[in-house]
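Engineer: This is the structure I want to talk about, given as structure tokens.
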Amino acid sequence: MKTAAPPLPIVSGKGSTLITSSGERFLDGISSWWVNLHGHCHPHIADKIGKQARELEHVLFAGCIHPRAEELSDRILPLFPGNMGKIFYSDNGSTAVEVGLKIAIQYWYNQGIPKTTILSFRNGYHGDTLGMMAAAGKNEFNRPFWNHMFDVVSITPPTKGNEEQSLREIKEALSHHDVACFLFEPLMQGVAGMIPHCPLTLDRLLAECKKQGVLTIADEVMTGFGRTGPLFASEHLANSPDILCVSKGITGGFLPLGATVCTRDVYEHFHANTIQKAFLHGHSYTANPIACASALASLDLLLTDSCEKKRKAIGKAHHTFVKKWQMHPKLIRCETLGTILVLEYRDEAANYFSSIRDSLYTHFIQRNILLRPLGNVLYVLPPYCITGDELTSIYLAIEETLEGSI
Ligand SMILES: Cc1ncc(COP(=O)(O)O)c(C=O)c1O
């Protein structure tokens, strides 16, 4: 609090715009922490939430069920890649992934097979709970907690130039440890700095895991619901995960909800005559009916041709921008994946603590654009309702940083 600038006092939102108490308007270029899909206060979602709040606001999700959770399960499960047969609800991204990890660990425990080692990508991010910090491995962000984190084996991600190294490391890990699961952000590591993977190599890593019977867990909390083009980043891959975790965009950005889906094979190892084999995990707001209603309303919008067209248009505009600026000497990289545009600026401290971050943030705020760089990495990840003119205004503000004094 001592070093941060005063927060923006946002009182309302409409489409891609956030409005402050004094009426100032900011263009939300990052979908409010990657959650918003169709724009702020979308009337269709708001209506469904209001209706649900008057019908059933909440009921415990143990020993009870409600229609919105059932409808959501029925509608969303067939959308996932692979053969996802079951869904488990929670209430945010960290818990969705934590559930995935716990399912993988208990899957082997229930069978009496001593597979316990967890593999994950170096510099991954899966959330801020102790479990998810540990799952990502030790890094500068979680240093105060190192003594309290369980061990994982960290693999070099298959980024450009590291493909063979990544493959070597996973093969070595698989041959030296009794590996329970491999947890990964598919195709793009978000918090690490929007770092893309080579899809072919990622597929080979997954194939190695499958060969050894190791469960794979895709954390699609950031990439899910169309951010990378198709509905899920895992669709870029031939090998589907056994477990897939989503949150953020699932409700269109209105309410917290997490979901972890798994194959029927995984589920069968919990479906037993003894409660000890059940997956004993729950949160008070698990599968909250209003959150589920919001998710259903968001799906109504997401699955339209018009939404797909908007996503494609964003991708196309990003492409044109990349073509024009990718060789700029101020940039280490300028690339795009689906609706995400990424620019990495050259800087002495090329990391999250880079001072260029604050200059960039201020530059955009002064132009009424909300972009929140990850250190020296600037990214645009807009709600799908963003207009061509709004996107152009973001591009122009970025161009000023390249041609100007930042
Ligand atoms: C890939 C990934 N996993 C998990 C999380 C954690 O989600 P939440 O902030 O909802 O706990 C995030 C958040 O940014 C994320 O990007």
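The values are calculated or read from the model by the stated rules, or taken from the named source; none is laboratory data. Remember, predicted model here, so these are calculated numbers, not experimental data. Cβ: placed from backbone, ideal geometry, glycine included. Neighbour counts: every protein chain shown. Just the protein is used for accessible areas: all its heavy atoms, side chains included, with ligands, DNA and RNA removed. Shrake-Rupley method; radii C 1.70, N 1.55, O 1.52, S 1.80 Å.
Engineer: I need the P(r) histogram for the stretch 136-177: all alpha carbon pairs, bin width 5 Å from 0 out to the longest distance, whole percents.
Structural biologist: 5, 22, 20, 18, 17, 15, 3
Engineer: Also: Lys/Arg Cβ at +1, Asp/Glu Cβ at -1, dipole of the chain taken about the Cα centre: which of 395, 133, 279 is farthest positive-ward?
Structural biologist: Going by the Cα projections, it comes out as 395.
Engineer: Using the Karplus curve 6.51 cos²θ - 1.76 cosθ + 1.60 with θ = phi - 60°, what ³J(HN,Hα) values do you get for each residue of the stretch 54-65, in whole Hz, with x for Gly and Pro?
Structural biologist: Listing the rounded values in order: 7, 9, 7, 7, 6, 8, 4, 9, 9, x, 10, 9 Hz.
Engineer: Any idea of residue 311's accessible area? Nearest 10 Å², probe 1.4 Å.
Structural biologist: Accessible area of residue 311: about 20 Å².
Engineer: Then there is this: Would you mind telling me the share, in percent, of accessible area of the chain contributed by carbon and sulfur at probe 1.4 angstrom?
Structural biologist: Carbon and sulfur: 55 percent of the exposed surface of the chain.
Engineer: Let me ask another. To the nearest 20 debye, what is the magnitude of the charge dipole of the stretch 1-64 about its Cα centre, counting +1 on the Cβ of each Lys and Arg and -1 on the Cβ of each Asp and Glu?
Structural biologist: On the way: 6 positive and 5 negative charges, 14 e Å.
The dipole magnitude comes to about 60 debye.
Engineer: Report the FRET efficiency, 1/(1 + (r/R0)^6), for residue 164 and residue 358, where r is their Cβ-Cβ distance and R0 is 51 Å, rounded to 0.05. Could the numbers behind the result be given before it?
Structural biologist: Working: r = 37 Å, r/R0 = 0.73.
Calculated value: 0.85.
Engineer: Where the centroid of each part is defined by its Cα atoms, how far is the stretch 160-188 from the stretch 1-67 in Å?
Structural biologist: Going from one Cα centre to the other spans 37 Å.
Engineer: Which value in nm describes the separation of the simple spin-label points at residue 210 and residue 372, placed 7 Å from the Cα toward the beta carbon?
Structural biologist: Label-label distance for residue 210 and residue 372, simple model: 3.7 nm.
Engineer: For the stretch 215-231, just list the computed ³J(HN,Hα) in residue order, Karplus coefficients 6.51, -1.76 and 1.60, θ = phi - 60°, integers in Hz, with x standing in for Gly and Pro.
Structural biologist: 6, 10, 10, 8, 8, 9, 4, 8, 7, x, 6, x, 4, 9, x, x, 4
Engineer: Something else about it: Considering only 243, 200, 221, whose Cα is most displaced toward the positive end of the charge dipole of the stretch 141-280, charges sitting on Cβ of Lys, Arg (+1) and Asp, Glu (-1)?
Structural biologist: Ranked along the dipole, the leading option is 221.
Engineer: As an exercise, use a Förster radius of 41 Å and the Cβ-Cβ distance of residue 405 and residue 320 to find the FRET efficiency, rounded to the nearest 0.05. Don't skip to the answer; put the middle values down first.
Structural biologist: Values: r = 25 Å, r/R0 = 0.62.
E between residue 405 and residue 320, to the nearest 0.05, is 0.95.
Engineer: Which of 29, 349, 187 sits closest to the plus end of the dipole of the chain, meaning its Cα is farthest towards the positive end, when Lys and Arg get +1 and Asp and Glu get -1 on the C-beta?
Structural biologist: Final value for the positive-end residue is 29.
Engineer: Shifting gears a bit: Based solely on C-alpha atoms, express the radius of gyration and the Dmax of the stretch 47-162 in angstrom.
Structural biologist: Answer for the stretch 47-162, Rg first and Dmax second: 18.3, 55 Å.
Engineer: Restricting to bridges with both residues inside the chain, how much of the DSSP beta-bridge set is antiparallel, in percent to the nearest 5?
Structural biologist: On the way: 31 of 47 bridges.
For the chain, the DSSP antiparallel bridge percentage is about 65.
Engineer: Which is the longest part of the chain that has none of the chymotrypsin sites (Phe, Trp or Tyr not before Pro) sitting in a DSSP loop with at most 11 other Cβ atoms within 10 Å? Kindly include the intermediate steps, with their values, before the conclusion.
Structural biologist: On the way: sites that count: 150, 353.
Maximal segment without exposed cleavage sites: 151-352.
Engineer: Give me the dipole magnitude in Debye, nearest 20, for the chain about the Cα centre, with unit charges on the beta carbon: positive for Lys and Arg, negative for Asp and Glu. Don't skip to the end; give the middle numbers.
Structural biologist: Details: 37 positive and 40 negative charges, 42 e Å.
It comes to approximately 200 debye.
Engineer: Hey, another quick one. Calculate, for the chain, the solvent-accessible area per residue in square angstrom, rolling a 1.4 angstrom probe over the heavy atoms of the protein chains.
Structural biologist: Working: 18460 Å² over 406 residues.
With all protein chains present, the chain gives 45 Å² per residue.
Engineer: Right, another one. Thinking of the stretch 1-55 as a set of Cα atoms, what percent of all their pairs are more than 17 Å apart?
Structural biologist: Summing the P(r) of the stretch 1-55 above 17 Å gives 50 percent of all pairs.
Engineer: In a Debye calculation with equal point scatterers on the alpha-carbon sites of the chain and no solvent, what is log10 I(q)/I(0) at q = 0.09, 0.10 Å⁻¹?
Structural biologist: -0.55, -0.68
Engineer: Is the stretch 211-297 rounded, prolate or oblate when judged by the Cα gyration tensor, a ≥ b ≥ c being the square roots of its eigenvalues, rounded requiring a/c under 1.5 and prolate requiring a/b larger than b/c? Don't skip to the answer; put the middle values down first.
Structural biologist: Values: a/c = 2.87, a/b = 1.13, b/c = 2.53.
It is oblate, given that a/c is not under 1.5 and a/b is not larger than b/c.
Engineer: OK, next. Pull out the extension gain between residue 55 and residue 22, defined as 0.36 nm times the separation in residues minus the alpha carbon to alpha carbon distance; nm, one decimal. Intermediate results must be reported in sequence, preceding the final value.
Structural biologist: Values: separation 33, 0.36 × 33 = 11.88 nm, distance 3.55 nm.
Gain in length upon complete extension: 8.3 nm.
Engineer: To continue, here is another question. For residue 39, enumerate residues with amide H under 5 Å from its amide H, sequence gap 5+ or separate chain, H modeled in the peptide plane.
Structural biologist: Amide H to amide H, under 5 Å and 5 or more residues apart or across chains, residue 39 pairs with 384, 385.
Engineer: Right, next: Which far-off residues, 5 or more places away or on another chain, put their amide H under 5 Å from the one on residue 216, with H placed in the peptide plane?
Structural biologist: Amide H to amide H, under 5 Å and 5 or more residues apart or across chains, residue 216 pairs with 182, 242, 243.
Engineer: Could you work out how far the C-alpha centroid of the stretch 320-342 sits from that of the stretch 95-140, in angstrom?
Structural biologist: The distance from the Cα centre of the stretch 320-342 to that of the stretch 95-140 comes to 33 Å.
Engineer: Here is a follow-up. Using heavy-atom solvent-accessible surface (probe 1.4 Å) with all chains present, what is the largest-first order of 385, 292?
Structural biologist: Numbers: 385 35, 292 0 Å².
The residues order as 385, 292, largest area first.
Engineer: To check my understanding: the extent here is largest minus smallest coordinate of the Cα atoms along each principal axis. What are those three numbers for the stretch 257-406, in Å, largest first?
Structural biologist: Extents along the principal axes, in whole Å: 67, 38, 27.
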